[in-house]
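For reference, the structure is listed below as structure tokens.
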Amino acid sequence: MFVTILLLIFIAFLVFNCYVQYGPNGQLINKIPGPCCYPIIGNTIKLINLGVLRIWKYIICTSSDKYYPIWKLRSFFESLVIIRHPDDMETILNNTKHINKSKLYDILHPWLGTGLLTSTDSKWHTRRKILTPTFHFNILQQFVEILIKEGECMTNSLKNTGGTITKDLEPFITEHTLNAICETAMGTSLQRTGLFQQKYREAIHQIMETLLYRAVRVWLHGWIFWLTPLGRKQIKLLKVMHGFTEKVIAERKDYYKRTNGQYLKNLNKDTIEDEAEIGVRKKRLAMLDLLIQTAQENHLSDLDIREEVDTFMFEGHDTTAMGITYTLALLAEHKDIQDGVRKEIDAIMEENQGKLTILSLQKLQYLDRCIKEALRLYPSVFTIMRTTSEETLLQSYVIPAGTMVLLNIYATHRDPSFWTNPEIFNPDRFLPEIIRNRHPYSYLPFSAGPRNCIGQRFAMLELKAMIAPLIHNFYLEPVDYLKNIEFKADMILRPLKPHRIKFVPIAKSI
């Protein structure tokens with residue numbers, strides 16, 4: 001009897017697999033080019049065997065060039081279509097019917113819940129509407145004070161060491177972007193919590209590694225994962241991350257209740273001093289304050305607040321850190337461009353008595369172009385995944401509803417059909433007169449369409465606030481070169497090995 005049941009299940013499995021691969025939807029997918037695959041398991045074994053280094057090259061570079069501009073992968077009942085042509089990017093990103101992320105993002109739910117990054121349909125629309133005012137210019141002005149202060153702290157940490165210093169960029173910069181987002185998102189400084197900082201960053205990296213491991217092993221997408229040693233390890237990591245967030249939210253909500261929300265009204269005007277509650281340090285507005293205030297009006301639970309704070313903590317520090325990393329590395333390798341950036345920054349600093357403000361950051365137009373060009377060559381978020389909600393006509397093929405689509409931003413940014421000499425670092429690509437003649441979906445560092453990055457203005461201000469004081473005070477010299485860089489598969493474009501540059505102090509006249 002037991003054998004009969006197993007046999008029936010196996011037959012049903014085969015029948016369903018045949019329907020998926022050779023039914024109406026399967027026939028549409030089969031027209032799209034791609035590597036040969038095995039029956040049932042598709043390309044699963046190939047992907048597992050590639051490992052963290054080779055899988056990145058295989059999907060993002062090698063196969064995307066070989067099957068230009070569209071190709072597919074299969075794994076059991078799922079198909080993944082990879083696109084890179086700007087017309088196809090526009091078809092997916094500019095359609096409100098395709099705003100739902102791929103089901104692979106479900107793996108992030110235990111950590112980020114269904115916050116702005118991972119939510120779908122009406123919940124995403126509601127959250128986006130609630131959170132958009134958080135990035136209003138008047139709010140950003142208060143956040144920028146924190147970003148500028150953290151940029152100064154990062155520069156001073158080098159100055160206090162004295163002399164020429166060599167740094168592995170990623171851990172050095174991430175420490176400061178994490179503190180910046182922690183202060184802006186939660187109003188809490190991590191400056192004297194080095195151990196927590198380190199644990200938090202390590203937890204993020206380990207969860208990212210878990211994401212890739214699970215992504216290519218469909219049998220670990222469900223509850224089975226939590227029975228494995230890796231699943232039990234992730235539970236411990238989540239306790240660390242959620243524990244900190246929940247503690248800060250509870251303290252902030254308690255203060256909100258005891259002051260009847262009055263401090264938020266004052267914070268929106270300027271800052272307050274309350275020695276009994278916060279000592280002599282001025283209390284600034286934080287995203288968490290706005291969420292608490294909004295929660296009263298929109299009936300958001302503590303879990304709703306936590307998932308948005310966790311989302312901003314992740315998206316707001318890791319992506320920005322990598323943007324700074326690659327910009328500094330490129331400037332280190334291009335001395336003439338670095339000198340041009342320094343000349344612009346020095347002039348702005350002199351004009352503002354050595355201080356930066358939101359207005360002075362906006363005047364740094366050459367630095368702005370350098371950052372944009374760095375994000376073209378090395379976009380922090382180098383892929384996006386969506387699920388089609390209806391049958392969709394792309395340039396060359398029709399893909400059925402429910403298909404997972406990977407948008408290869410990295411390859412789009414280096415496509416010679418849309419970028420002259422795409423491998424060359426040239427900030428003048430972003431002069432206004434040149435931008436006007438470019439396909440609007442050939443440059444997507446912050447995505448595009450209705451689900452574009454809500455914090456892109458915040459991110460650009462943070463990049464400038466962190467980079468400007470470094471360039472003002474130090475010459476940058478390469479130790480490791482970008483031509484030798486290897487990336488590991490991750491949600492963020494992260495180097496496999498340390499990438500170091502030298503910071504050489506600039507002698508200032510007295």
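The values are calculated or read from the model by the stated rules, or taken from the named source; none is laboratory data. These numbers come from a predicted model, not from an experiment. All Cβ positions, even for glycine, are placed from backbone atoms using ideal geometry, and neighbour counts span all protein chains on display. Just so you know, the surface numbers come from the protein's heavy atoms only, side chains and all, with ligands and any DNA or RNA stripped out. Shrake-Rupley method; radii C 1.70, N 1.55, O 1.52, S 1.80 Å.
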Kindly indicate whether any position in the range 388-408 is β-branched (Val, Ile, Thr), in contact with a helix residue (DSSP H, G or I) (Cβ under 7 Å, 6 or more places away or on another chain) and open to solvent by 20 Å² or more (accessible area, probe 1.4 Å).
yes
Is there any pair with a first residue in the range 295-320 that is in contact (Cβ under 8 Å) with a residue 24 or more places away in the chain and a second that is hydroxyl-bearing (Ser, Thr, Tyr) whose Cβ atoms are under 6 Å apart and which are 6 or more apart or on different chains, and what are they?
306/245; 309/245; 310/245; 317/177; 319/380; 320/177
So residue 428 passes all but one of these: (1) farther than 22 Å from residue 362 by Cα; (2) not in a loop (DSSP other than H, G, I, E, B). Which condition number does it fail?
(1)
Between residues in the range 352-373 that are open to solvent by 20 Å² or more (accessible area, probe 1.4 Å) and residues that are in a helix (DSSP H, G or I) and of a type outside the set (A, V, I, L, M), which pairs lie under 6 Å by C-beta distance while being six or more apart or on different chains?
352/360; 366/340; 366/344; 369/427; 369/430; 372/430
Does the range 331-344 contain any residue that is of a type in the set (S, T, N, Q), in contact with a helix residue (DSSP H, G or I) (Cβ under 8 Å, 6 or more places away or on another chain), assigned to a helix (DSSP H, G or I) and closer than 12 Å to residue 467 by Cβ?
yes
The range 456-477, subset open to solvent by 20 Å² or more (accessible area, probe 1.4 Å) and touching a Lys or Arg at 6+ places or on another chain (Cβ under 9 Å), residue nearest to residue 367 (Cα to Cα)
460
Residue 137: passes all of (1) under 17 Å from the mean Cα position of the chain (by Cα); (2) within 18 Å of residue 464 (Cβ to Cβ) but (1)
Answer yes if at least one residue in the range 442-461 is among the basic types (Lys, Arg), outside any loop (DSSP other than H, G, I, E, B) and under 18 Å from residue 377 (Cβ atoms), and no otherwise.
no
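The rows are residues; the columns are (1) open to solvent by less than 30 Å² (accessible area, probe 1.4 Å); (2) free of Cβ contacts under 8 Å to residues at least 40 places away in the same chain; (3) in contact with a Leu (Cβ under 7 Å, 6 or more places away or on another chain); (4) within 19 Å of residue 316 (Cα to Cα).
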residue	(1), (2), (3), (4)
203	yes, yes, yes, yes
212	no, no, no, no
222	no, yes, no, no
230	no, yes, no, no
240	no, no, no, yes
245	yes, no, no, yes
255	yes, yes, no, no
Considering only residues that are of a type in the set (Lys, Arg) and part of a helix (DSSP H, G or I), look in the range 93-141 and name the one that is least open to solvent (accessible area, probe 1.4 Å).
127
